[in-house]
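A short worksheet on the structure shown next.
Nothing in this text is a laboratory measurement; each read-out follows from the coordinates by a stated rule. All figures in this text were calculated on a predicted structure; none of them were measured in a lab. Counting neighbours? That spans all protein chains shown, and the Cβs are built from the backbone with ideal geometry, glycine included.
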Amino acid sequence: MSRYTSIIDRRLVVAGSLLASAGSILPAVSAEVSNVPVQPYFASVKRAMAAMAAIGQPISAEDAADLDMLMTHADSNAVVSADAILSKYTLLNATLGPDGYAKTKITAGGAEKRLIEEGWTAFLIRVANPSSLVAKLYISGMTGAVSSPSTGASRAGVRDTLNMSASIAKTWGRTEIYRLPPIGPTLSGAPVDYQVVQIFSRDRGKREGSIEVWASSDPMAEYRDDYARKRVQIEFDCAPSSDVLLRVRDHDDRGCMASLIIKDKLDRIYPFQAMRLEPDMWFQPQIYRADGETVRLPDGNYVVEARRGPEYLVNRQTVALKGEAKEIHVKLERWIDPAKWGWYSGDTHIHGGGCAHYEHPTEGVTPATMIRHVRGEGLAIGEVLSWGPSWYYQKQFFTGHAVSPAADLEHPELQAADNSNWSPKSTAEDAESSLRYDVEVSNFPSSHCGHLVLLRLKEQDYPGTSLIQDWPSWNLPILKWAKAQGGIVGYAHCGFGMEVESTELPNYDIPPMDSIGTQEAIVDVTHGFTDFLSGIDTFPIAELNAWYHMLNCGFRLAMIGETDFPCIYGERPGVGRSYVRLSERPIGDTGYEAWVRNLAQGRLYCGDGRTHFLDWSLAGQRPGEKDVQLARSEQVSVKVLVAARLEEMPHADEVSPASTPNGPGGPLSDGPPHGRMWNIENARIENSRDVPVELIANGKVVERQSLRADGKPRALSFSTRIERSSWVALRVLPSAHTYPVFIGVAGKPIRASKQSAQWCRRCVDKLWEAKSPQIRETERPAAADAYDHARQSYDRIIAESDQA
């Protein structure tokens, strides 16, 4: 008797016993066999076997050998035998109705209903398809809506209950159809098709879930509720995983907080993003963990990527986890430490609520979560700005002080329901990062005039208001109020509404003034109530052009770095950064006061954290200090110590995001090198590892030198003739920009360009045209006077300017 005959006989016996003991496991197999074309059937079996192997849960060697033999000598008996073999891997048997919904029948398969806590398990689905549908197969079940992206509402609704823990506890699993090669995105149309489903279990122990299966060609079918879909109830036994101890050490061997991305061989991310609650974010691949904390993982092989902001190298390692005592050791390595030169980084624009943050079960997240991000990205200062969405919830965290809270699990009942109740740990570096809660005037009545960033406030509610709707409908009154209490104020994401066709810097195209960036700052700066523009999160040309023009008119305001996390960038805080020069690390209120004061005075550079102007001076004077005074035109020298880092070859994982983010009005398009987003990769000179360091005088490049971007600090020297009162700065575009050194010649004010003053003057008229219809009628006369003041100021500067 041949081996093939033996297999057929053995499998027919097995199939018969299976059918006799559990008729529902292989529904109507005997009736189907005569109608099943053998070649398409085994082609589907072969694809399913390859997919199971790719996932890491291959069919046993014995069963695979038997299936290979059956494929070689395939006939209708072989189909019955193959079904019998595959039944122990099959979670569901589905027979599709003519439309994929109605008359579809689903029964449980013969696979052991065993899952793994915090892990994925793969099963087969046997799909009988008598109508030959060529459509996508869908499966859902075991999950409910726990959290949701922000709708932009100012107050969250009540979702049937105020206590969400019970609902969270019910949301324990997730099902996903495997659609990668060799399995196609749709059913083959054959009478029998094997598909692969992966099931994630958040929990351990006995869990029951209702699973539904259907097929459809409608791309929106996955998102529609349809009560005609058929369901089957299945009870699973979820085996426990174990807590993995994380040893996270900084470059100096102190314990610290870091960003960790954990993936398996299929690039699946752990913990599973869709089921995360704070402090782990559903919209980020990374988690933030401190030395001594844990993450729960099943046994297996993982790739762990650790980082702590752009000043660190990315640490990648492969770890094998097996058994009881599991640990992952991470040792971080810096390529630069700006603090050695007295520079401390901050992100002045991050949010604890709104945009990508959920609105349920709470309106955004707490300081305990936000401090994890700030520490994990190596930031000294994180300004958390309350704004329209979640305003009434988030404003409770305002204290008027800089704080460094414990990174606790703020809602232990919710975390426990989500099976994420691990123990937070403090580290030796915790006090080196601080939060300050302040305000962004966004989704307020004046937002059309530009979003305001109000730092160092003592009071966060505008006088006489109880609701957002009560605030002024234009910005200058708000700026005056904030400055009167000692605030430092400016305009957020300053490139929005300032985009033009030209990629020249400076250029003289009048922007549309139709968004939420620099906008009214061009008016307010003439009143002395604008300390800075915030950028590094929109187009460099749009950000810098207005700044250059206002500097050319003699106004002094800083360009600072922000992220607008998680709105413009949800990747991580600190994508855009301000580096402020201090004599010591900023800790507590005293440190914060020094940091924000020096920021406003211009003792800073800003950028993506990949280029660092560690020291520079013009005629011996550093930026943010005294002006250089010259009696007449003179040649001046500039000395700079600068470091930048690119990989030898472009590598997307090693740099700040090169893709453009979503902003108001939709995705920002890519453009020429200086029209793309801030990112040192966009500064790379052709295929080299060099970037251009440019000396800027009155907005124009006067000298350029190449810098090897290998992370090593290098000393460069420049020289330029100063003909008139001017400002001079350094940049690596689009990676970093310094604050200027100001130079007075013969005691005259800076009037560097009549064209710049004329550009500003035309912008005032454009602003009034665009903004005045949205200003309250009762406030319009005061606004008109303020705009007239700006017109007169620029007219005077035009008259005083003798340089085109």
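What are the semi-axes of the equivalent ellipsoid of segment 727-794, taken as the square roots of 5 times the eigenvalues of the Cα gyration tensor, listed largest first and rounded to whole Å? Working shown, then result.
On the way: eigenvalues 203, 61, 23 Å².
Semi-axes from the Cα gyration tensor: 32, 17, 11 Å.
Across segment 768-774, coupling constants 3J(HN,Hα) worked out from phi with the 6.51/-1.76/1.60 Karplus curve, θ = phi - 60°, read 4, 4, 7, 9, 4, x, 9 Hz, and Gly and Pro carry x. Pairwise Cα distances in segment 331-403 exceed 14 Å in 64 percent of cases.
Shape call for segment 473-585 from the C-alpha gyration tensor, a ≥ b ≥ c root eigenvalues: rounded (a/c under 1.5), prolate (a/b greater than b/c) or oblate? Mind showing how you got there, number by number?
Numbers: a/c = 1.41, a/b = 1.07, b/c = 1.32.
Taking the square roots of the gyration eigenvalues as a ≥ b ≥ c, segment 473-585 is rounded.
Count the net charge of all other residues whose Cβ sits under 13 Å from the Cβ of K326, scoring Lys and Arg as +1 and Asp and Glu as -1. Counting the neighbours of K326, the net charge comes to -2.
Proximity of backbone amide H atoms, modeled 1.01 Å from N, is registered between L630 and G744, V745, A746, G747 at under 5 Å, excluding neighbours fewer than 5 places apart on the same chain. Over the chain, DSSP H runs of length four or greater, each weighted -39,500 (n - 2.57), average out per residue to a 222 nm ellipticity of -6500 deg cm²/dmol.
Shown in residue order for segment 174-189 are the 3J(HN,Hα) couplings computed by the Karplus curve 6.51 cos²θ - 1.76 cosθ + 1.60 at θ = phi - 60°: 9, 10, 9, 6, 7, 10, 7, x, x, 7, x, x, 10, 5, 6, x Hz (x for Gly and Pro). For the residue pairs K113/K326; K105/K230; K113/K206; K46/K88, alpha carbon separations beyond 18 Å are given by K113/K326. Near the amide H of V192, within less than 5 Å, lie the amide hydrogens of N129, all on another chain or at least 5 residues away, with H placed in the peptide plane.
For segment 168-215 versus segment 759-804, the inter-centroid distance based on Cα atoms is 61 Å.
Averaging sequence separations of C-alpha pairs under 8 Å and six or more residues apart, then dividing by the length of the chain, give the relative contact order as a whole percent. Show your work: numbers first, answer last.
Values: 1939 pairs, mean separation 73.5, N = 804.
Reported as a whole number, the value is 9 percent.
For S434, the residues 5 or more places off, or on other chains, whose built amide H falls under 5 Å of its own are I381, G382.
In the chain, which cysteines lack any other cysteine Cβ under 4.7 Å from their own? Result for the chain is C238, C256, C449, C494, C553, C606, C760, C763, no neighbouring Cys Cβ within the cutoff. Sites listed here are GluC sites (Glu not before Pro) in segment 401-482 whose DSSP assignment is loop and whose Cβ has at most 16 other Cβ atoms within 10 Å: E459. Taking the longest Cα principal axis of the chain as reference, the axis of helix 38-55 is set at about 50 degrees. Of the trypsin sites (Lys or Arg not before Pro) found in segment 712-804, those in coil by DSSP whose Cβ has at most 16 other Cβ atoms within 10 Å are R776. Could you tell me how far the Cα centroid of segment 701-749 sits from the Cα centroid of segment 501-549, in Å? The two parts, judged by their Cα centres, are 20 Å apart. Taking θ as phi - 60° and the Karplus parameters 6.51, -1.76 and 1.60, the scalar couplings of segment 566-578 work out to x, 9, 5, 10, x, 4, 4, x, x, 5, x, 9, 10 Hz in sequence order, x denoting glycine and proline. Of the trypsin sites (Lys or Arg not before Pro) found in segment 352-439, none is in coil by DSSP with at most 16 other Cβ atoms within 10 Å of its Cβ.
Does segment 345-448 classify as rounded, prolate or oblate by the C-alpha gyration tensor (a ≥ b ≥ c root eigenvalues; a/c under 1.5 gives rounded; else a/b over b/c gives prolate, otherwise oblate)? It comes out oblate by the Cα gyration axes.
Over 24 Å between C-alpha atoms is what I'm after, so list which of K480/K748; K639/K712; K395/K425 land there. Spell out each step's value before the answer.
On the way: K480/K748 29 Å; K639/K712 16 Å; K395/K425 27 Å.
Too far apart for the 24 Å limit: K480/K748; K395/K425.
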